[in-house]
Amino acid sequence: MGDINATITLSSEYRAIGIDVYGNGGVSANNVGGSIYIAQTQNVWGPYGMDLASLSAQNVSTAITLSGGGGDTMGVLLRTSASFQTFSGTITAVNNEGIAVGLQSQLNSNLGYIDAAANIDLTCAIGAGIVLNHIDNPGVASAFMGPLAGKIKITSNGVLGDNSVVAGIFTNVDNGSTPTGTIATTVDLVNGAQIIAVQQLDSELAFVAGNNNAGLITIRGQSATDNFKMVGGLVGAGGTLIENGVYNWSNLHTVESGRALAIGFISTEVTNITIASTATVILEDNAVFKESVVDVAGKLVLTADTVDSFSSVTLDRGASVEGDGAITLRLDNLFSATDGQTMQLFELTDGVLDAQLGGTLTLVYEDGRVVKVSDYSFDYSTGVLTFHADIPEPAAAAALLGLLAMALVARRK
């Protein structure tokens, strides 16, 4: 099979497939490019951009656009030992009443390296950017992906209530009714990768990564200085390990055990989180942990624009934050506070902040200025930060204003 570089346009009442390869092996292609456009009118058996069995491709750069369906809409399904060396294409899908999946691997297939040019953008009721579906032999991994350098964004409109769950990356182990938790998932990230999951009506139902009947999820960059954008929570009985990199995280949360989500597809248990010594997690907004143990071996960074606008951590249902790492409050360069003002950094609804970890709290401006320890105190038992002096000090504030004024003059010239 040679290169494919065609424009495929389909309009159908029922399921339409842009490229369908079905066989028992021996099918290969160097480059698969071009475009696939599918519009479907009936709300059953949604469109598939590609359904591939036993196909080996070097590079897939196809631009796939799907709309309609109402059942399941799939960008690319790999099965029966199919593999990509590199995926650098785009998948844009809209299924407002049903399921949308960007890339899915199963039956010993491999999605390969997901290039920085790759962009998965899904709008749906329920779905996932990437699904690793381990089936037939649940004791052995049978779905694979390479490093992720591109962007995944999935948005749910929330029309299915608690079933409107979305995940950037989702691992499923088809093991009947008995969870095993034996198959772990490692998501290798390349500097600049983004995983964004949004639920428009209930933010608790959007996850960066999750699993069903599976084990530990490891999310890791290649070095401690790599930078990533994450939006959404974490769910999975095996817990999550975060390694290597700086993670700019919004809506980081876990959910309570026993809560059935996504038509029972995700039956949640306690989700524990470990932030490794090589990882920094920066909270761009509030984080909520329920029942979880959050072990901070690296750095947990809260952010503050003003004394009234800052990220906080809520610990509920027995959750705890502990470890031998460090907590930092990163202040906007224009942040100021007066003697006696307070900030509720940790909401201890029904949870505990470890005394040792709480004692590491430091306040640092974005430009690197460090607030003197004598100018504040932090009560780990209540989660309250109290200022004991005006910050920045008047002389420092005047110097900063002078520098800002000079910068403005220079820009005007």
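Quick note: the coordinates plus some simple rules give every number you see, no bench work behind them. Computed from a prediction, not measured in an experiment: that's the story for all the values here. Ideal geometry is used to build each Cβ from the backbone, glycine not excepted, and the neighbour counts take in all protein chains shown.
Observations
- Residues of type lysines that Lys229 reaches as a straight line, Cα spacing below 26 Å, ignoring anything fewer than 8 places off in the same chain: Lys151, Lys153, Lys290, Lys299
- Within the listed set Lys290, Lys229, Lys372, the residue fluctuating most in the Gaussian network model of the chain (springs between alpha-carbon atoms under 10 angstrom) is Lys372.
- Cα centre as origin, Lys/Arg/Asp/Glu Cβ charges: the chain dipole, Debye: 1060
- In percent, rounded to a whole number, the relative contact order of the stretch 1-128 is 21, using alpha-carbon pairs under 8 Å and six or more apart.
- Residue with peak Gaussian network fluctuation, the chain [Cα springs, cutoff 10 Å], from Phe335, Phe310, Phe144: Phe335
- Loop-resident GluC sites (Glu not before Pro) (DSSP state other than H, G, I, E or B) in the stretch 195-302 with no more than 11 further Cβ atoms inside 10 Å of their Cβ are absent.
- Mean separation of Cα contacts under 8 Å (6+ apart) over length of the chain, as relative contact order %: 7
- If the chain linking Glu13 and Ser381 were pulled fully straight, counting 0.36 nm for each residue of separation and taking away their Cα-Cα distance, it would gain 126.4 nm.
- Simple spin-label estimate for Tyr22 and Phe144 in nanometres, 7 Å along Cα-Cβ: 2.6
- For His388, residues with placed amide H under 5 Å, excluding near neighbours: Gly340, Tyr376, Ser377
- Going from the fewest other Cβ atoms within 10 Å to the most, the residues Ile99, Ile219 appear in the order Ile99, Ile219.
- Only Lys, Arg, Asp and Glu carry charge here, each on its Cβ (+1 for the first two, -1 for the last two); on that basis the stretch 82-187 has a dipole of about 200 debye about its Cα centre.
- Radius of gyration, Dmax [the stretch 225-318; alpha carbons; angstrom]: 13.6, 42
- Sequence-distant residues sharing a close amide H with Gly75 (under 5 Å, placed H): Gly49, Val101, Gly102
- Taking amide H as placed 1.01 Å from N in the peptide plane, Val307 has its amide H under 5 Å from the amide H of Ser336, each at least 5 places away in sequence or on another chain.
- One Cα centroid belongs to the stretch 1-52, the other to the stretch 105-172; the line between them spans 19 Å.
- Segment His388..Arg259, full-extension length gain: 42.1 nm, with 0.36 nm per residue of separation and the alpha-carbon distance subtracted.
- The residues Arg317, Arg15, when put in order of fewest to most other Cβ atoms within 10 Å, stand as Arg317, Arg15.
- Helix-derived mean residue ellipticity, 222 nm - over the chain, DSSP H n ≥ 4, -39500 (n - 2.57), to 500: -1500 deg cm²/dmol
- Residue of Phe289, Phe378, Phe87 that the Gaussian network model of the chain assigns the largest fluctuation, springs spanning Cα pairs under 10 Å: Phe378
- Least to most buried among His253, His134, His388 (fewest other Cβ within 10 Å first): His388, His253, His134
- Total charge dipole magnitude, the stretch 228-367, about the Cα centre, Cβ charges on Lys, Arg, Asp, Glu only, Debye to nearest 20: 360
- Of all DSSP beta bridges in the chain, antiparallel share, percent nearest 5: 10
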